[in-house]
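Worksheet: one structure, shown below.
The values are calculated or read from the model by the stated rules, or taken from the named source; none is laboratory data. As the structure is a prediction and not an experimental result, all values here were calculated from the model. Here the Cβ positions follow ideal geometry from the backbone for every residue, glycine too, while neighbour counts run over all protein chains shown. For accessibility, only protein heavy atoms count, side chains too; no ligands or nucleic acids. Shrake-Rupley method; radii C 1.70, N 1.55, O 1.52, S 1.80 Å.
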Amino acid sequence: MRSAPTILHLDMDAFYASVEQASKPSLRGKAVVVGGLGPRGVVATASYEARVFGVRSAMPMAQARRLAPHAAYLVPRFGLYRSISEQVMGLLRTLSPLVEPLSLDEAFVDLEAGGTAWDAESARRVGAGLRAEIRAVTGLTGSVGLAASKMLAKIASEQAKPDGLVLIEPGTERALLGPLSVRTLPGVGPATGDHLRRAGITTVEELAEAGEDELVRLLGKAHGQALYAMALARDDRPVVAEREAKSVSVEDTYDVDIHDRVRVGLEVQRLADRCVRRLRAAGLSGRTIVLKVRRYDFSTLTRSETLRGPTDDPAVVREAAARLLDSVDTTGGVRLLGVGVSGLADYTQEDLFAQAAGERVELPDEEPEREEPAEERQGPAAERRWPAGHDVRHAVHGHGWVQGSGLGRVTVRFETPGSAPGRVRTFRVDDPDLEPVDPLPLVPSGPRRPEAADRGAAG
(Lines give C-alpha, C1' and ligand atoms only; values in the text may rest on other atoms or scores of the structure.)
Protein backbone atom coordinates (compact mmCIF):
# COMPACT_ATOMS: atom_id res chain seq x y z
CA MET A 1 0.00 0.00 0.00
CA ARG A 2 1.36 3.42 -0.95
CA SER A 3 1.98 6.19 1.54
CA ALA A 4 -0.20 8.91 -0.05
CA PRO A 5 -3.99 8.89 -0.66
CA THR A 6 -3.68 8.90 -4.45
CA ILE A 7 -6.11 6.09 -5.32
CA LEU A 8 -9.45 7.64 -6.30
CA HIS A 9 -12.75 5.76 -6.33
CA LEU A 10 -15.69 7.38 -8.12
CA ASP A 11 -19.24 6.18 -7.62
CA MET A 12 -22.01 8.03 -9.44
CA ASP A 13 -24.94 8.69 -7.11
CA ALA A 14 -28.01 6.49 -7.80
CA PHE A 15 -26.89 6.59 -11.41
CA TYR A 16 -29.85 5.32 -13.44
CA ALA A 17 -32.38 7.14 -11.26
CA SER A 18 -30.31 10.34 -11.30
CA VAL A 19 -30.16 10.26 -15.11
CA GLU A 20 -33.95 9.96 -15.21
CA GLN A 21 -34.41 12.84 -12.78
CA ALA A 22 -31.99 15.03 -14.75
CA SER A 23 -33.86 14.36 -17.99
CA LYS A 24 -37.34 14.80 -16.50
CA PRO A 25 -37.85 18.09 -14.58
CA SER A 26 -41.12 16.88 -13.04
CA LEU A 27 -39.25 14.04 -11.25
CA ARG A 28 -36.49 16.10 -9.64
CA GLY A 29 -36.56 15.75 -5.88
CA LYS A 30 -39.11 12.93 -6.09
CA ALA A 31 -38.97 9.16 -5.59
CA VAL A 32 -37.87 7.39 -8.77
CA VAL A 33 -37.40 3.64 -9.22
CA VAL A 34 -35.77 2.18 -12.34
CA GLY A 35 -36.04 -1.49 -13.22
CA GLY A 36 -38.20 -4.19 -14.73
CA LEU A 37 -41.89 -3.40 -14.45
CA GLY A 38 -43.23 -6.86 -15.20
CA PRO A 39 -44.52 -9.30 -12.56
CA ARG A 40 -41.02 -10.69 -11.96
CA GLY A 41 -39.22 -7.35 -12.24
CA VAL A 42 -36.47 -6.22 -9.88
CA VAL A 43 -35.17 -2.76 -8.92
CA ALA A 44 -32.04 -1.70 -10.80
CA THR A 45 -31.63 1.65 -9.00
CA ALA A 46 -33.72 3.76 -6.65
CA SER A 47 -33.28 7.49 -6.11
CA TYR A 48 -32.36 8.65 -2.62
CA GLU A 49 -35.92 9.93 -2.21
CA ALA A 50 -37.19 6.38 -2.85
CA ARG A 51 -34.62 4.85 -0.50
CA VAL A 52 -36.22 6.77 2.38
CA PHE A 53 -39.15 4.36 2.01
CA GLY A 54 -36.85 1.31 2.12
CA VAL A 55 -36.60 0.70 -1.64
CA ARG A 56 -33.18 -0.66 -2.68
CA SER A 57 -31.42 -2.26 -5.61
CA ALA A 58 -32.20 -5.93 -6.39
CA MET A 59 -35.49 -5.75 -4.48
CA PRO A 60 -38.52 -7.33 -6.23
CA MET A 61 -40.43 -4.55 -7.97
CA ALA A 62 -43.68 -5.69 -6.39
CA GLN A 63 -42.19 -5.10 -2.94
CA ALA A 64 -40.89 -1.69 -4.00
CA ARG A 65 -44.38 -0.69 -5.15
CA ARG A 66 -45.80 -1.64 -1.75
CA LEU A 67 -43.17 0.44 0.04
CA ALA A 68 -43.35 3.47 -2.27
CA PRO A 69 -46.68 3.36 -4.14
CA HIS A 70 -46.43 6.98 -5.30
CA ALA A 71 -42.92 6.75 -6.79
CA ALA A 72 -42.29 7.00 -10.53
CA TYR A 73 -41.52 3.54 -11.96
CA LEU A 74 -39.47 3.59 -15.17
CA VAL A 75 -37.98 1.07 -17.60
CA PRO A 76 -34.16 1.39 -17.94
CA ARG A 77 -32.66 3.24 -20.92
CA PHE A 78 -29.31 1.46 -21.15
CA GLY A 79 -28.21 3.18 -24.34
CA LEU A 80 -28.45 6.57 -22.62
CA TYR A 81 -26.77 5.35 -19.43
CA ARG A 82 -23.89 3.94 -21.43
CA SER A 83 -23.34 7.17 -23.38
CA ILE A 84 -23.21 9.21 -20.15
CA SER A 85 -20.87 6.64 -18.61
CA GLU A 86 -18.51 7.11 -21.57
CA GLN A 87 -18.45 10.85 -20.87
CA VAL A 88 -17.56 10.25 -17.22
CA MET A 89 -14.88 7.67 -18.03
CA GLY A 90 -13.42 10.15 -20.52
CA LEU A 91 -13.01 12.68 -17.72
CA LEU A 92 -11.27 10.06 -15.57
CA ARG A 93 -8.80 9.28 -18.36
CA THR A 94 -7.67 12.91 -18.40
CA LEU A 95 -6.42 12.29 -14.84
CA SER A 96 -4.42 9.12 -15.40
CA PRO A 97 -3.74 6.33 -17.89
CA LEU A 98 -4.66 3.87 -15.14
CA VAL A 99 -8.47 3.86 -14.96
CA GLU A 100 -10.23 0.66 -13.91
CA PRO A 101 -13.98 0.76 -14.61
CA LEU A 102 -16.02 -1.58 -12.43
CA SER A 103 -19.40 -0.83 -14.02
CA LEU A 104 -21.12 1.96 -15.93
CA ASP A 105 -21.12 4.19 -12.85
CA GLU A 106 -18.03 3.19 -10.87
CA ALA A 107 -14.24 3.21 -11.37
CA PHE A 108 -10.83 3.38 -9.70
CA VAL A 109 -8.14 5.86 -10.82
CA ASP A 110 -4.42 5.85 -9.95
CA LEU A 111 -3.72 9.59 -9.65
CA GLU A 112 -0.03 9.09 -8.90
CA ALA A 113 0.46 7.23 -12.21
CA GLY A 114 -1.01 10.23 -14.02
CA GLY A 115 1.14 12.75 -12.17
CA THR A 116 -1.99 14.62 -11.09
CA ALA A 117 -1.67 14.00 -7.34
CA TRP A 118 1.18 13.08 -5.01
CA ASP A 119 -0.05 14.00 -1.52
CA ALA A 120 -3.30 14.59 0.39
CA GLU A 121 -3.66 18.23 -0.64
CA SER A 122 -3.22 17.63 -4.37
CA ALA A 123 -5.45 14.53 -4.26
CA ARG A 124 -8.24 16.44 -2.55
CA ARG A 125 -7.95 19.21 -5.13
CA VAL A 126 -8.20 16.73 -8.02
CA GLY A 127 -11.19 15.01 -6.44
CA ALA A 128 -13.05 18.29 -5.96
CA GLY A 129 -12.27 19.33 -9.54
CA LEU A 130 -13.49 16.01 -10.89
CA ARG A 131 -16.81 16.31 -9.10
CA ALA A 132 -17.29 19.82 -10.50
CA GLU A 133 -16.49 18.65 -14.02
CA ILE A 134 -18.88 15.70 -13.84
CA ARG A 135 -21.67 18.05 -12.80
CA ALA A 136 -20.80 20.52 -15.59
CA VAL A 137 -20.57 17.87 -18.32
CA THR A 138 -23.42 15.55 -17.33
CA GLY A 139 -25.55 17.48 -14.85
CA LEU A 140 -25.13 14.59 -12.40
CA THR A 141 -23.34 14.12 -9.08
CA GLY A 142 -20.69 11.61 -8.10
CA SER A 143 -19.13 10.69 -4.77
CA VAL A 144 -15.34 10.50 -4.52
CA GLY A 145 -13.19 8.52 -2.10
CA LEU A 146 -9.44 9.06 -1.83
CA ALA A 147 -7.08 6.76 0.03
CA ALA A 148 -3.82 4.86 -0.21
CA SER A 149 -5.47 1.65 -1.47
CA LYS A 150 -8.40 0.49 -3.56
CA MET A 151 -10.24 -1.04 -0.61
CA LEU A 152 -10.02 2.13 1.46
CA ALA A 153 -10.86 4.43 -1.46
CA LYS A 154 -14.08 2.48 -2.07
CA ILE A 155 -14.99 2.64 1.62
CA ALA A 156 -14.31 6.40 1.54
CA SER A 157 -16.62 6.93 -1.44
CA GLU A 158 -19.40 5.02 0.34
CA GLN A 159 -18.98 7.35 3.31
CA ALA A 160 -19.05 10.34 0.95
CA LYS A 161 -22.48 9.48 -0.48
CA PRO A 162 -24.38 11.26 -1.73
CA ASP A 163 -22.52 13.99 -3.62
CA GLY A 164 -19.49 14.25 -1.37
CA LEU A 165 -15.76 13.68 -1.02
CA VAL A 166 -13.94 11.79 1.73
CA LEU A 167 -10.17 11.44 2.01
CA ILE A 168 -8.65 8.88 4.39
CA GLU A 169 -5.36 10.16 5.73
CA PRO A 170 -2.53 7.60 5.91
CA GLY A 171 -2.11 6.36 9.48
CA THR A 172 -5.82 6.55 10.31
CA GLU A 173 -6.89 3.41 8.44
CA ARG A 174 -7.03 0.93 11.34
CA ALA A 175 -9.05 3.29 13.52
CA LEU A 176 -11.50 3.87 10.67
CA LEU A 177 -11.93 0.21 9.78
CA GLY A 178 -12.22 -1.19 13.32
CA PRO A 179 -15.90 -0.51 14.10
CA LEU A 180 -17.15 -1.25 10.56
CA SER A 181 -19.07 -4.42 9.71
CA VAL A 182 -17.09 -7.29 8.20
CA ARG A 183 -19.46 -6.97 5.21
CA THR A 184 -17.63 -3.75 4.37
CA LEU A 185 -14.59 -5.69 3.17
CA PRO A 186 -14.32 -6.98 -0.41
CA GLY A 187 -15.11 -10.68 -0.65
CA VAL A 188 -17.40 -10.81 2.38
CA GLY A 189 -20.85 -11.57 1.03
CA PRO A 190 -23.95 -12.79 2.89
CA ALA A 191 -22.73 -16.40 3.23
CA THR A 192 -19.24 -15.47 4.52
CA GLY A 193 -20.74 -12.79 6.75
CA ASP A 194 -23.13 -15.28 8.35
CA HIS A 195 -20.31 -17.79 8.80
CA LEU A 196 -18.19 -15.19 10.60
CA ARG A 197 -21.15 -14.02 12.69
CA ARG A 198 -21.71 -17.57 13.93
CA ALA A 199 -18.07 -17.53 15.01
CA GLY A 200 -18.67 -14.30 16.97
CA ILE A 201 -16.98 -12.02 14.42
CA THR A 202 -19.07 -9.07 13.24
CA THR A 203 -16.67 -6.10 12.99
CA VAL A 204 -13.37 -5.58 11.21
CA GLU A 205 -11.65 -5.10 14.57
CA GLU A 206 -12.90 -8.52 15.72
CA LEU A 207 -11.68 -9.95 12.42
CA ALA A 208 -8.17 -8.62 13.11
CA GLU A 209 -8.26 -9.84 16.72
CA ALA A 210 -9.24 -13.34 15.63
CA GLY A 211 -5.85 -13.73 13.96
CA GLU A 212 -4.78 -15.21 10.66
CA ASP A 213 -4.71 -18.83 11.83
CA GLU A 214 -8.32 -18.71 13.03
CA LEU A 215 -9.53 -17.08 9.83
CA VAL A 216 -7.73 -19.68 7.74
CA ARG A 217 -9.40 -22.40 9.81
CA LEU A 218 -12.81 -20.79 9.31
CA LEU A 219 -12.55 -19.75 5.66
CA GLY A 220 -9.69 -21.61 4.05
CA LYS A 221 -6.15 -20.48 3.34
CA ALA A 222 -6.61 -18.04 0.46
CA HIS A 223 -9.75 -16.35 1.75
CA GLY A 224 -8.64 -16.30 5.38
CA GLN A 225 -5.25 -14.78 4.62
CA ALA A 226 -6.75 -12.16 2.31
CA LEU A 227 -9.36 -11.05 4.84
CA TYR A 228 -6.84 -10.87 7.65
CA ALA A 229 -4.61 -8.61 5.55
CA MET A 230 -7.55 -6.34 4.70
CA ALA A 231 -8.61 -6.21 8.36
CA LEU A 232 -5.13 -4.75 9.02
CA ALA A 233 -5.75 -2.21 6.21
CA ARG A 234 -3.28 -3.97 3.92
CA ASP A 235 -4.33 -3.89 0.28
CA ASP A 236 -1.69 -3.89 -2.46
CA ARG A 237 -4.00 -4.51 -5.40
CA PRO A 238 -3.02 -2.22 -8.27
CA VAL A 239 -5.38 -0.19 -10.40
CA VAL A 240 -5.58 -2.15 -13.65
CA ALA A 241 -6.29 -0.19 -16.82
CA GLU A 242 -9.48 -1.09 -18.66
CA ARG A 243 -9.22 -4.32 -20.55
CA GLU A 244 -11.63 -6.19 -22.73
CA ALA A 245 -14.00 -8.37 -20.77
CA LYS A 246 -13.64 -12.07 -21.56
CA SER A 247 -16.92 -13.20 -20.06
CA VAL A 248 -20.03 -12.11 -18.19
CA SER A 249 -21.45 -14.41 -15.54
CA VAL A 250 -23.66 -14.61 -12.47
CA GLU A 251 -23.94 -17.25 -9.78
CA ASP A 252 -25.79 -17.94 -6.52
CA THR A 253 -24.76 -20.03 -3.50
CA TYR A 254 -27.66 -21.56 -1.56
CA ASP A 255 -27.80 -21.86 2.22
CA VAL A 256 -29.54 -25.22 1.88
CA ASP A 257 -28.71 -27.65 -0.93
CA ILE A 258 -31.38 -27.83 -3.63
CA HIS A 259 -32.57 -31.37 -4.36
CA ASP A 260 -35.71 -30.67 -6.39
CA ARG A 261 -34.74 -30.97 -10.05
CA VAL A 262 -37.59 -28.67 -11.10
CA ARG A 263 -36.36 -25.94 -8.79
CA VAL A 264 -32.79 -26.38 -10.06
CA GLY A 265 -34.10 -25.82 -13.57
CA LEU A 266 -36.01 -22.70 -12.52
CA GLU A 267 -32.92 -21.31 -10.79
CA VAL A 268 -30.86 -21.84 -13.94
CA GLN A 269 -33.51 -19.98 -15.98
CA ARG A 270 -33.45 -17.09 -13.50
CA LEU A 271 -29.65 -16.92 -13.59
CA ALA A 272 -29.72 -16.95 -17.39
CA ASP A 273 -32.00 -13.90 -17.35
CA ARG A 274 -29.74 -12.10 -14.86
CA CYS A 275 -26.72 -12.88 -17.01
CA VAL A 276 -28.42 -11.42 -20.08
CA ARG A 277 -29.38 -8.28 -18.17
CA ARG A 278 -25.71 -7.84 -17.25
CA LEU A 279 -24.70 -8.43 -20.86
CA ARG A 280 -27.11 -5.78 -22.06
CA ALA A 281 -26.05 -3.30 -19.41
CA ALA A 282 -22.46 -3.65 -20.67
CA GLY A 283 -23.57 -3.37 -24.31
CA LEU A 284 -22.35 -6.87 -25.15
CA SER A 285 -23.50 -10.17 -26.63
CA GLY A 286 -21.75 -13.56 -26.67
CA ARG A 287 -21.44 -16.91 -28.44
CA THR A 288 -20.58 -19.42 -25.70
CA ILE A 289 -23.02 -20.27 -22.90
CA VAL A 290 -21.47 -21.72 -19.74
CA LEU A 291 -23.21 -23.55 -16.88
CA LYS A 292 -21.52 -24.03 -13.50
CA VAL A 293 -22.84 -26.51 -10.93
CA ARG A 294 -21.32 -27.11 -7.50
CA ARG A 295 -22.80 -30.23 -5.98
CA TYR A 296 -23.47 -31.32 -2.40
CA ASP A 297 -19.95 -32.80 -2.09
CA PHE A 298 -18.31 -29.53 -3.29
CA SER A 299 -17.37 -31.06 -6.63
CA THR A 300 -17.78 -28.43 -9.37
CA LEU A 301 -18.87 -29.24 -12.91
CA THR A 302 -18.70 -26.86 -15.86
CA ARG A 303 -20.50 -27.37 -19.15
CA SER A 304 -20.48 -25.09 -22.20
CA GLU A 305 -22.13 -24.76 -25.61
CA THR A 306 -21.00 -22.48 -28.45
CA LEU A 307 -23.64 -20.95 -30.71
CA ARG A 308 -23.26 -20.04 -34.36
CA GLY A 309 -23.24 -16.32 -33.59
CA PRO A 310 -23.29 -13.90 -30.63
CA THR A 311 -26.60 -13.33 -28.88
CA ASP A 312 -28.16 -11.37 -26.05
CA ASP A 313 -31.54 -13.06 -26.52
CA PRO A 314 -32.73 -14.32 -23.11
CA ALA A 315 -34.70 -17.16 -24.70
CA VAL A 316 -31.60 -18.43 -26.51
CA VAL A 317 -29.45 -18.27 -23.37
CA ARG A 318 -32.15 -19.95 -21.25
CA GLU A 319 -32.58 -22.79 -23.75
CA ALA A 320 -28.80 -23.38 -24.00
CA ALA A 321 -28.44 -23.36 -20.21
CA ALA A 322 -31.31 -25.86 -19.91
CA ARG A 323 -29.67 -28.18 -22.44
CA LEU A 324 -26.42 -28.00 -20.50
CA LEU A 325 -28.23 -28.79 -17.26
CA ASP A 326 -29.66 -31.96 -18.84
CA SER A 327 -26.13 -33.39 -18.92
CA VAL A 328 -25.49 -32.83 -15.20
CA ASP A 329 -26.51 -35.22 -12.42
CA THR A 330 -27.92 -33.16 -9.52
CA THR A 331 -29.45 -36.04 -7.57
CA GLY A 332 -27.41 -35.53 -4.41
CA GLY A 333 -28.19 -31.83 -4.19
CA VAL A 334 -26.79 -28.55 -5.51
CA ARG A 335 -25.16 -25.81 -3.42
CA LEU A 336 -24.14 -23.37 -6.19
CA LEU A 337 -25.37 -22.58 -9.70
CA GLY A 338 -23.96 -20.17 -12.23
CA VAL A 339 -24.60 -19.10 -15.82
CA GLY A 340 -22.10 -17.22 -17.95
CA VAL A 341 -21.56 -16.03 -21.50
CA SER A 342 -18.16 -15.75 -23.20
CA GLY A 343 -16.94 -15.09 -26.73
CA LEU A 344 -18.16 -11.52 -26.30
CA ALA A 345 -18.96 -8.98 -29.01
CA ASP A 346 -20.14 -5.36 -28.95
CA TYR A 347 -23.63 -4.32 -29.91
CA THR A 348 -24.01 -2.04 -32.89
CA GLN A 349 -25.45 1.37 -32.11
CA GLU A 350 -28.63 0.34 -33.92
CA ASP A 351 -28.98 -2.59 -31.53
CA LEU A 352 -28.82 -0.23 -28.54
CA PHE A 353 -31.51 2.03 -29.93
CA ALA A 354 -33.66 -0.97 -30.80
CA GLN A 355 -33.40 -2.13 -27.21
CA ALA A 356 -34.34 1.31 -25.93
CA ALA A 357 -37.37 1.32 -28.21
CA GLY A 358 -38.41 -2.13 -27.00
CA GLU A 359 -38.05 -3.82 -30.39
CA ARG A 360 -35.73 -6.62 -29.25
CA VAL A 361 -36.79 -9.66 -27.24
CA GLU A 362 -37.37 -8.46 -23.69
CA LEU A 363 -36.54 -10.14 -20.40
CA PRO A 364 -39.48 -10.97 -18.15
CA ASP A 365 -38.85 -7.97 -15.88
CA GLU A 366 -38.50 -5.56 -18.79
CA GLU A 367 -42.08 -5.92 -20.00
CA PRO A 368 -44.44 -2.91 -20.03
CA GLU A 369 -46.16 -2.19 -16.75
CA ARG A 370 -49.59 -3.17 -18.08
CA GLU A 371 -50.28 -5.51 -20.95
CA GLU A 372 -52.91 -4.36 -23.42
CA PRO A 373 -55.97 -6.59 -23.78
CA ALA A 374 -56.13 -8.91 -26.79
CA GLU A 375 -58.42 -6.69 -28.82
CA GLU A 376 -55.99 -3.77 -28.46
CA ARG A 377 -53.03 -5.86 -29.63
CA GLN A 378 -54.42 -6.56 -33.07
CA GLY A 379 -53.22 -4.72 -36.18
CA PRO A 380 -50.51 -2.03 -36.49
CA ALA A 381 -50.84 -0.82 -32.90
CA ALA A 382 -49.55 -4.16 -31.65
CA GLU A 383 -46.13 -3.33 -33.08
CA ARG A 384 -45.83 -0.07 -31.11
CA ARG A 385 -44.72 -0.38 -27.51
CA TRP A 386 -44.36 2.52 -25.13
CA PRO A 387 -42.04 1.63 -22.18
CA ALA A 388 -42.50 3.90 -19.18
CA GLY A 389 -39.84 6.61 -19.08
CA HIS A 390 -38.76 6.35 -22.71
CA ASP A 391 -38.58 9.37 -25.03
CA VAL A 392 -41.20 10.29 -27.60
CA ARG A 393 -42.00 13.21 -29.88
CA HIS A 394 -45.44 14.46 -30.90
CA ALA A 395 -45.89 16.42 -34.11
CA VAL A 396 -47.83 19.13 -32.26
CA HIS A 397 -46.65 19.03 -28.65
CA GLY A 398 -42.94 18.28 -29.13
CA HIS A 399 -40.57 16.18 -27.01
CA GLY A 400 -41.78 14.22 -23.99
CA TRP A 401 -41.60 10.92 -22.16
CA VAL A 402 -44.00 8.06 -21.52
CA GLN A 403 -45.61 8.08 -18.09
CA GLY A 404 -47.51 4.87 -18.74
CA SER A 405 -49.52 2.90 -21.26
CA GLY A 406 -52.31 0.36 -21.40
CA LEU A 407 -55.88 -0.23 -22.60
CA GLY A 408 -54.93 1.20 -25.98
CA ARG A 409 -53.75 4.52 -24.55
CA VAL A 410 -50.36 6.08 -23.84
CA THR A 411 -49.86 8.99 -21.41
CA VAL A 412 -47.04 11.43 -22.13
CA ARG A 413 -45.52 14.28 -20.14
CA PHE A 414 -44.08 16.94 -22.44
CA GLU A 415 -40.86 18.36 -21.04
CA THR A 416 -37.12 18.39 -21.74
CA PRO A 417 -34.02 18.42 -19.49
CA GLY A 418 -33.84 22.22 -19.68
CA SER A 419 -37.53 23.02 -19.39
CA ALA A 420 -39.91 23.53 -16.51
CA PRO A 421 -42.11 20.58 -15.50
CA GLY A 422 -44.42 19.92 -18.44
CA ARG A 423 -48.05 19.12 -19.12
CA VAL A 424 -49.50 15.63 -19.41
CA ARG A 425 -51.60 14.41 -22.33
CA THR A 426 -53.03 11.02 -23.33
CA PHE A 427 -53.18 9.57 -26.85
CA ARG A 428 -54.17 6.38 -28.59
CA VAL A 429 -51.23 3.99 -28.90
CA ASP A 430 -51.51 4.15 -32.66
CA ASP A 431 -51.60 7.97 -32.88
CA PRO A 432 -49.70 8.73 -36.12
CA ASP A 433 -48.35 12.01 -34.67
CA LEU A 434 -46.54 10.19 -31.82
CA GLU A 435 -43.23 8.38 -32.32
CA PRO A 436 -40.33 7.03 -30.21
CA VAL A 437 -37.16 9.17 -30.40
CA ASP A 438 -33.64 9.24 -28.99
CA PRO A 439 -33.02 10.91 -25.60
CA LEU A 440 -31.98 14.56 -25.51
CA PRO A 441 -28.60 15.53 -23.94
CA LEU A 442 -28.84 16.23 -20.21
CA VAL A 443 -26.60 19.30 -20.56
CA PRO A 444 -26.56 21.58 -23.62
CA SER A 445 -23.33 21.48 -25.62
CA GLY A 446 -21.00 24.47 -25.72
CA PRO A 447 -18.56 26.18 -23.29
CA ARG A 448 -19.10 24.54 -19.94
CA ARG A 449 -16.03 23.94 -17.79
CA PRO A 450 -12.43 24.86 -16.98
CA GLU A 451 -9.63 22.95 -18.66
CA ALA A 452 -8.64 19.65 -17.04
CA ALA A 453 -5.12 20.94 -16.50
CA ASP A 454 -6.43 23.45 -13.95
CA ARG A 455 -7.35 20.60 -11.57
CA GLY A 456 -3.94 19.31 -10.65
CA ALA A 457 -1.32 21.58 -12.14
CA ALA A 458 -0.85 23.73 -9.06
CA GLY A 459 0.83 22.02 -6.30
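Before moving on, here are some points about what is shown:
- Placing unit charges on the Cβ atoms only, positive for Lys and Arg and negative for Asp and Glu, gives the stretch 74-195 a dipole magnitude near 280 debye about its Cα centre.
- Largest to smallest principal axis extent of the C-alpha atoms in the chain, angstrom: 69, 65, 42
- In Hz, Karplus ³J(HN,Hα) per residue of the stretch 87-98 (6.51, -1.76, 1.60; θ = phi - 60°; x = Gly, Pro): 5, 5, 5, x, 5, 5, 6, 6, 8, 6, x, 9
- Each peptide in 135-145, 403-413, 271-281 receives the mean, over its residues, of other Cβ atoms within 10 Å, and ordering these scores from highest gives 271-281, 135-145, 403-413.
- Net charge of Cβ neighbours under 12 Å - reference A226; Lys, Arg +1; Asp, Glu -1: 0
- Placing Y48, Y16 in order of accessible area, with the largest value first and a 1.4 Å probe, yields Y48, Y16.
- Spatially, the stretch 220-276 and the stretch 41-59 are offset by 23 Å when compared through their Cα centroids.
- Extreme residue, positive dipole direction of the stretch 130-280, given options A191, P179, V137 (C-beta unit charges): V137
- Per-residue [θ]222 nm for the chain (sum of -39500 (n - 2.57) over DSSP H runs n ≥ 4, rounded to 500): -10000 deg cm²/dmol
- Distance from the Cα centroid of the stretch 9-37 to that of the stretch 83-110 is 20 Å (rounded to whole angstrom).
- Residues listed by number, the stretch 217-231, amide nitrogen under 20 Å from T202 label point at 7 Å toward C-beta: 231
- A simple packing score, the average count of other Cβ atoms within 10 Å per residue, orders the peptides 146-155, 25-34, 322-331, 387-396 as 146-155, 25-34, 387-396, 322-331, with the highest score first.
- Distance (nanometres) between label positions extended 7 Å along Cα→Cβ at W118 and R28: 4.2
- Each residue of the stretch 225-237 was assigned a 3J(HN,Hα) from its phi angle through the Karplus expression (A = 6.51, B = -1.76, C = 1.60, θ = phi - 60°), giving 5, 5, 5, 5, 4, 5, 4, 8, 6, 9, 8, 9, 5 Hz with x at Gly and Pro.
- Pair A175, D433: separation of 7 Å Cα→Cβ label points (nm): 6.7
- Note on T288/D236: beta-carbon distance plugged into 1/(1 + (r/R0)^6) with R0 of 45 Å gives a FRET efficiency of 0.85.
- Probe 1.4 Å, protein heavy atoms only - accessible area per residue of the chain in square angstrom: 46
- In a simple Cβ point-charge model (Lys, Arg +1; Asp, Glu -1; nothing else charged), the chain has a dipole of about 460 debye relative to its Cα centre.
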